[in-house]
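To start, the structure under review is shown below, and the notes come after it.
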Amino acid sequence: MKKTGKYIIIMLAVLVVLGGAFAALRLLPTEDEEADSSSSASSEASASEPILDKDMAEVASVEVVNQEDSYTLLPVKSAGETVEFSLDGYEDYDLNTALLTSNVRTLVELKAVKDLGGQENLNAFGLGSGAPEVTLNYTSGGSDKLVLGDNAAESVGKYVLKDGVVYVISGVPVNLFESKFSYFNTELYSVADRMEITEDENGEEKETVGLDILYSMTLSGTQYPEPVNIEYTSRATSNYLITTPITAESGNSTFETLMTALKTLTASAAVDAGITEEKLEQYGLSEPEAEISFNMNDSEHTLAVSAEDAEGNRYLLADGRDVVYQVSGATVEAWAESSISKLRMSYVWIPNIKNVKKLTVTVDGDQVHAYHITRTKNEEKSTESNIQYDLSIENAGGEAVDYDEGYQPFYQAVISLAVFSQEESSYSGTADVKVVYEYFDGGSDTLELYKLADSNRYAAVLNGGFNGQVRSSEVTAMLDQIP
């Protein structure tokens, strides 16, 4: 090999060795880097220490000022001498004391995730002018002030400023960014189940959950120009009867949905307290869009709601409480957006055929068709809780009327008369058709049909109260089936 080639190889080997040594030196920390590393480790260690390091018993008050509100939390002693917290000036309201106390406990036990030291540009952390401030005053006379900022960008938590140092702290209570009303309880009521005492096959009594009963209900407000009253009664097949402004059977699927909605009520939020006429006007409650008072399972409640806002929410008053709540429209829709036509059965009147002792149909005032019914217990089909009857029918002349071919189809036509309009109509004089139901357990109901002038309709009047309009074709079909 030539000498030139040997020198080139030797030089390349030297460069490789020198390059490796230089790289190794680059990996070693400098004195500055060692100092920075030591400082960082010290910062992380100090950040794990409590920010306040106080005890609940040392807190005399907590003052909160944010963009929504300003208020003060004060300690109170429970029966067991445990320190709890309440809202200054609102101690007599239904407050979530557990939440208040928990938030104060969280404050005194705050620990930082990171210590970011002093920062010149506090606005970058949401800690500038207008940021929420929390001042903890102590029984010893001292105090601490915390400024609450934005969500931290580099880790979970929020920026918090204390004594000129910015920390990242997780678990800062969200209520401190909200109004005092975020501490109000929003569970307004829950109707207890109705319990029944029953006997098992051995004759032993036991308590079981029975069906809910809505004993009475009144709907009013601008949604209901005339108040709607519904009561629980055995007169109705479904046990629910609209008594005003018309007489009609209720208890349909819409009514059942309404009952379910009334069983319990929780608001989305409390928005104000200390109700005045000005506040009622402010929240659209001086003239509520809908009001309801009801008795379910012997639990009575009264509610009122405003019209929906642009987001579909309503303001609500409940049971005379001195608080304005907010609820979603869907929560109260079943009763706040209903109507008679939705709550009533579509049929004029539908008594059970097995309950009618006598049926009398009078046509044109003088054509009387009377049917006397005798019922006999069917021993084979009956049980203790469900008695079945066989019916035998005679007309006014004492002649037997076939149940399957004559009476039952006619009775079905009578109770099938359906209301297709709630429009009030003018009628007078003697009814064109009059149907009287008399019952085995006493009492009676009277249905009168008045032919409307220049119309193919009849006005249906139940027990003297307007029920609705029915089609003439249905009345004619019914009369054609008179046995």
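The residues of the range 214-234 that are outside any strand (DSSP E or B) and either surrounded by 15 or more Cβ atoms within 10 Å (Cβ to Cβ) or touching a Pro at 6+ places or on another chain (Cβ under 7 Å) (or both), listed by number, are G221, Q223, Y224, E226. If you take the residues in the range 298-322 that are within 19 Å of Y93 (Cβ to Cβ), assigned to a strand (DSSP E or B) and not aliphatic (A, V, I, L, M), which one is most open to solvent (accessible area, probe 1.4 Å)? Across the range 298-322, the extreme among qualifying residues is T302. Taking the condition open to solvent by less than 30 Å² (accessible area, probe 1.4 Å) and over 15 Å from T247 (Cα atoms), does Y411 pass? For Y411, the condition - open to solvent by less than 30 Å² (accessible area, probe 1.4 Å) and over 15 Å from T247 (Cα atoms) - is met. On the basis of being in contact (Cβ under 8 Å) with a residue 12 or more places away in the chain, open to solvent by 70 Å² or more (accessible area, probe 1.4 Å), assigned to a strand (DSSP E or B) and of a type outside the set (F, W, Y), does V361 make the cut? No. When residues in the range 273-297 are screened for being over 23 Å from A192 (Cβ atoms) and either at pLDDT below 95 or part of a strand (DSSP E or B) (or both), 3 of them pass. For the range 235-249, does any single residue satisfy the condition of being closer than 30 Å to K180 by Cα, out of contact with any Lys or Arg (no Cβ under 9 Å at 6 or more places or on another chain) and without any contact (Cβ under 8 Å) to a residue 40 or more places away in the chain? So far as the range 235-249 goes, no, none of its residues is closer than 30 Å to K180 by Cα, out of contact with any Lys or Arg (no Cβ under 9 Å at 6 or more places or on another chain) and without any contact (Cβ under 8 Å) to a residue 40 or more places away in the chain.
The set of residues in the range 188-226 being within 18 Å of M259 (Cα to Cα) and either among the charged types (D, E, K, R) or touching a Ser or Thr at 6+ places or on another chain (Cβ under 6 Å) (or both) consists of S190, V191, D193, R194, D212, T218.
Report yes if Y403 is touching a helix residue (DSSP H, G or I) at 6+ places or on another chain (Cβ under 9 Å) and under 26 Å from M345 (Cβ atoms), otherwise no.
It is false that Y403 is touching a helix residue (DSSP H, G or I) at 6+ places or on another chain (Cβ under 9 Å) and under 26 Å from M345 (Cβ atoms).
Counted as qualifying within the range 413-483 are the strands (runs of 3 or more DSSP E) with 2 or more residues that are of a type in the set (D, E), namely 444-451. For the range 255-276: of the residues being β-branched (V, I, T) and farther than 20 Å from Y71 by Cβ, which is most open to solvent (accessible area, probe 1.4 Å)? So, considering only residues that are β-branched (V, I, T) and farther than 20 Å from Y71 by Cβ, the one most open to solvent (accessible area, probe 1.4 Å) is T260. The set of residues in the range 150-161 that are open to solvent by less than 60 Å² (accessible area, probe 1.4 Å) and farther than 21 Å from D69 by Cα comprises A152, S155, G157. Of all the numbered requirements in (1) open to solvent by less than 40 Å² (accessible area, probe 1.4 Å); (2) in contact with a Leu (Cβ under 9 Å, 6 or more places away or on another chain); (3) within 30 Å of V419 (Cβ to Cβ); (4) in a strand (DSSP E or B), L241 misses one, and that requirement is (2). Listed conditions (1) over 44 Å from the mean Cα position of the chain (by Cα); (2) surrounded by 11 or more Cβ atoms within 10 Å (Cβ to Cβ); (3) not aromatic (F, W, Y) are all met by E448, apart from (1).
In the condition set (1) under 30 Å from G429 (Cβ atoms); (2) touching an Asp or Glu at 6+ places or on another chain (Cβ under 7 Å), Q367 is compliant with all but (2).
Listed here are the residues, each with its yes/no results for (1) within 15 Å of the chain's Cα centre (by Cα); (2) free of Cβ contacts under 8 Å to residues at least 40 places away in the same chain.
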residue: L303; (1), (2): yes, yes
residue: G329; (1), (2): yes, yes
residue: E333; (1), (2): yes, no
residue: A336; (1), (2): yes, no
residue: M345; (1), (2): no, no
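Can you name the residue in the range 79-95 that is touching a helix residue (DSSP H, G or I) at 6+ places or on another chain (Cβ under 8 Å) and modelled with pLDDT of 95 or more and, of all such residues, is nearest to D55 (Cα to Cα)? Result: F85. Is there a residue in the range 323-337 that is open to solvent by less than 40 Å² (accessible area, probe 1.4 Å), farther than 30 Å from G274 by Cβ and not in a helix (DSSP H, G or I)? No, the range 323-337 contains no residue that is open to solvent by less than 40 Å² (accessible area, probe 1.4 Å), farther than 30 Å from G274 by Cβ and not in a helix (DSSP H, G or I).
The values are calculated or read from the model by the stated rules, or taken from the named source; none is laboratory data. Everything quoted here is computed from the prediction, not taken from an experiment. Glycine also receives a Cβ, built like all others from the backbone with ideal geometry; neighbour counts cover every protein chain displayed. Note: accessible area is taken over every heavy atom of the protein model, side chains too, but ligands, DNA and RNA are not part of it. Shrake-Rupley method; radii C 1.70, N 1.55, O 1.52, S 1.80 Å.
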